[in-house]
1. Could we say that G100 is at pLDDT below 95 and not β-branched (V, I, T) here?
2. Can you confirm whether V228 is in contact with a helix residue (DSSP H, G or I) (Cβ under 7 Å, 6 or more places away or on another chain), β-branched (V, I, T) and open to solvent by 20 Å² or more (accessible area, probe 1.4 Å)?
3. Restricting attention to strands (runs of 3 or more DSSP E) lying wholly within region 1-92, give those where 1 or more residues are within 14 Å of the ligand (Cβ to nearest atom) and among the aliphatic types (A, V, I, L, M).
4. Between residues in region 27-47 that are open to solvent by 10 Å² or more (accessible area, probe 1.4 Å) and residues that are in a loop (DSSP other than H, G, I, E, B) and more than 10 Å from the ligand (Cβ to nearest atom), which pairs lie under 7 Å by C-beta distance while being six or more apart or on different chains?
Amino acid sequence: MEIIILPTGADVARAAADAIEEQVRSGPSVLGLATGSTPLGTYQELIERHRNYGLSFTNARAFLLDEYLGLPATHPQSYHSVIRKEFTDSVDLGSDAVHGLNGVAADPAAEALRYEASIEAAGGVDIQILGIGTDGHVGFNEPMSSLASRTRIKTLTRQTRKDNARFFENPADVPDHVLTQGLGTIRQARHLLLLAVGATKAQALAAAVEGPVAAVCPASALQLHPHVTVLVDSAAASKLAHRDYYQDTFGRKPQWQGL
Ligand code: F6R
């Protein structure tokens, strides 16, 4: 894991956008997109680079990490709608190139299998953006998720429902269940970009990065991946025991090395 501590959330967004831009400019690309608040700055950066610096996504396809069960794609809080509104409708990534899970599939288990097969048919994800939940989830793999899990239904913890209530008119409207890529699925992406911004993420981030690999902190499963870049602002980094080491290493990183 490479842990890069940057002063602010805006710096995190720029660094994440740099990594995605490099991937997209290198040729046909499969992007893994997360929703939630954390990647919004990155999406804004990419939109601006599309509008002003010729960054085109016509050679890219995208797969979403997860979806609320019971919300149709047309629901404003479905992750289908959110990603279109926050990112893909503002760049040249056609809606047929953006893939998500069907939250109202008659057979969610079959939908999960279909989704796994469609990621595989696309050649796998080149670069996957991830946020982290305050309980250490990635995707919606809540604590005690199997570290080898594949796409499936999960039940959200009370904490996650509370954290996500801000997106809904009424806290009771937050769905109980979701479809999410599993930790095994996520770990098959070739490059993982874990973003964390703000002090509320500090504890979960420290457990994920410096704690043991354990299902109680699902994000710790990323320690088993050969290419993870962790981009964090100083508030999210505040509980990392080895902050100085990460900063020193990044400060002396050869420029040609990239992320
Ligand atoms: C969203 C997702 C979640 C979020 C996490 C953090 O697609 O998979 O894991 O990344 O809940 O959410 P925010 O960024 O809103 O704090």
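The values are calculated or read from the model by the stated rules, or taken from the named source; none is laboratory data. From a predicted model like this one, the values you see are computed outputs, not experimental measurements. A quick note on method: Cβ atoms are made from the backbone with ideal geometry, for glycine too, and the neighbour counts reach across all protein chains shown. What goes into the accessible areas is simple: the full protein's heavy atoms, side chains included, and nothing from ligands, DNA or RNA. Shrake-Rupley method; radii C 1.70, N 1.55, O 1.52, S 1.80 Å.
1. So G100 fails the test.
2. no
3. Result: 29-33, 60-64.
4. Listed by first residue and then by second, the contacts come to G27/N59; P28/N59.
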